[in-house]
Amino acid sequence: MAEFNIHLSPPITTSTVAAPPHWPPAAPGNCDAQKCPWWPYSSSKDFKANTALILVVLFCALICGLAFNAAIRYIIRLHCSRRRQREAADEKADTGGAAAEQAAEIPSVIYSEGMKLTGADTECIICLSEFSIGEKIRVLEKCNHGFHLHCIQRWLVSHSSCPTCRTNCSTESTSSSPP
């Protein structure tokens, strides 16, 4: 049989094949990127040590950044909660005095069995206990709902509405009459 030597590319000669790197590397003074595989390092140990150092520094920077972020979030949350508490205390102080006076103005009555209250409730909706005969209760004028004396006083210090129907119980007139 006949052999065919058909090649589409030129034949490979020994001069075109790259020579294996020289080991051990050349002297440090003669070392460059083409002669030394770890240039500018003298060996792979130096390269690994520098890589480890860079990774440790990056990790520490990440931890410091996360700690700084957490500290800022904590400070902001603390500041916001203090401001909310201060605003709530100011609001309570602003409305608390008027509500306490208003609660004191509501006349108290003594509960009797035949007393007619709105909704035929015989219990205080605030504490959920039934009225007993001879007990002092307060009946709100606008809605005619009755409550224990101490329950409605406590309620009106922080609220301005009836606990049952949410009718505004403030005595201040909100509508202005024309002159």
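Numbers below:
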| quantity | calculated |
| --- | --- |
| Residues satisfying the stated conditions in segment 138-158, i.e. touching a Ser or Thr at 6+ places or on another chain (Cβ under 7 Å) and crowded, with 19+ Cβ neighbours inside 10 Å | Arg138, His145 |
| Qualifying residue in segment 79-96 (condition: modelled with pLDDT of 70 or more, exposed (fewer than 11 other Cβ atoms within 10 Å of the Cβ) and over 30 Å from Ser161 (Cβ atoms)) | yes |
| Phe131 being modelled with pLDDT under 85 and closer than 24 Å to Val157 by Cβ | yes |
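Residues are listed down the side, and each one gets a yes or a no for (1) assigned by TED's automatic domain parsing to the domain that holds Ile110; (2) farther than 15 Å from Pro107 by Cβ; (3) modelled with pLDDT of 85 or more:
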| site | (1), (2), (3) |
| --- | --- |
| Gly146 | yes, no, no |
| Leu149 | yes, no, no |
| Cys165 | no, yes, yes |
| Thr171 | no, no, no |
| Ser176 | no, yes, no |
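The values are calculated or read from the model by the stated rules, or taken from the named source; none is laboratory data. The structure presented is a predicted model; accordingly, all values stated were derived computationally and were not measured. Don't worry about glycine lacking a Cβ; one is built from the backbone with ideal geometry, like all the others, and counts go over all protein chains shown.
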